[in-house]
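Report on the following structure.
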Amino acid sequence: MLDTAFDGDGAALLDLGGTDTAHALAVQSDGRIVVAGTSGGFAVVRLNTNGSLDATFGHGGIVLGNYGGSGIGARANAVAIDSSGRIVVAGSSGDAGVDGGGNFGVARLNADGTFDTAFSGDGRFTRDFGGVDSATALALRADGRIVVAGTANGGSASGRRSDFAVAVIGPTGIDSLFGLAADNSPVTDLAAAPTARLQSPCSPTTKFSSPAAPA
C-alpha cells in the first residue's frame with residue numbers, strides 16, 4: 001500500500017523542464033530523499049519526508065548541472081551521501097564533443113546543493129578511459145575516497161568493444177587510481193572495502209595504474 005503521508009497519494013511526479021529520468025536515490029539520516037538522474041544535464045532533487053521539494057536545496061529543491069564541457073546529455077547514474085552530508089553523484093559527462101559521447105563524471109555537492117569546491121577545485125571530476133565512458137555505480141570509503149565503476153567503451157588498447165572500468169578518487173578529487181578489466185562486463189552495483197581492494201559483483205582481480213600517488 002502506498003504511503004499517503006508522502007505527497008498525498010504516495011507518489012511524487014516532478015517536471016524538471018526537460019526529458020526527465022530518475023536513475024538512483026539515497027535517503028539521508030534525517031529521512032529526506034535525494035534522487036539523481038538526467039534532465040538535459042545531470043539532475044539532483046531533494047525531497048522532504050512528505051514528498052515536497054526541499055526549498056533549502058539548490059533552486060527550489062533542484063540542482064541541474066554538468067561535469068564540465070557542454071554538459072549536453074550529462075547524466076547521474078548513482079548517488080551517495082557522505083558522513084558530512086555532502087552528496088556525491090557519478091555518471092557520464094555526456095559531451096558529444098568528447099570521444100563521441102563522454103567520460104566518467106563525478107560531482108560532489110554541499111548539503112545546500114552548491115558544488116563543493118574542496119573537491120577537484122570546482123566540485124566536478126572527469127576521467128577519460130579513451131572511449132565512450134559511463135560510471136554506473138559508486139561507493140564511499142571511510143577514508144573519504146570515492147570508488148566509481150562503470151563501462152569504458154573503446155578504452156582498451158587491444159581493441160575490445162568495451163571494458164569494466166574502476167576509478168578510486170581521493171577526497172579532494174586529486175589523487176586517483178584507475179583500472180580496466182573484464183571485456184564486455186556491465187556494472188550494476190559496487191561496495192568499497194576499507195583498503196584499496198575493491199569488491200563488485202562483476203569484478204575480477206584488477207591491476208591498477210596510478211598517475212598520482214595516493215596521499
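Every read-out reported here was derived from the displayed coordinates using simple, explicitly stated rules and does not represent laboratory data. These numbers come from a predicted model, not from an experiment. Heads up, the Cβs are rebuilt from the backbone with ideal geometry, glycines too, and the neighbour counts pull from every protein chain shown.
First measure r as the distance between the Cβ atoms of ASP3 and ASP122, then evaluate 1/(1 + (r/R0)^6) with R0 = 41 Å and state the FRET efficiency to the nearest 0.05. If you can, show how the numbers build up before the last one.
Details: r = 38 Å, r/R0 = 0.93.
So, using R0 = 41 Å, E works out to roughly 0.60.
With bins 5 Å wide starting at 0, give me the P(r) of region 31-153 over every alpha carbon pair, in whole percents.
Bins of 5 Å from zero give 2, 13, 23, 25, 19, 11, 5, 2, 0 percent of pairs.
Please rank ILE72, ILE146, ILE62, fewest neighbouring Cβ atoms within 10 Å first, as an exposure proxy.
So the ranking, lowest neighbour count to highest, is ILE72, ILE62, ILE146.
How many nm separate the modelled label positions at SER29 and THR172, each set 7 Å beyond the Cα in the direction of the Cβ?
If labels sit at SER29 and THR172, their model points lie 2.6 nm apart.
For PHE115, PHE164, PHE125, which order do you get if you count the other beta carbons within 10 Å of each Cβ and list the fewest first?
PHE115, PHE164, PHE125
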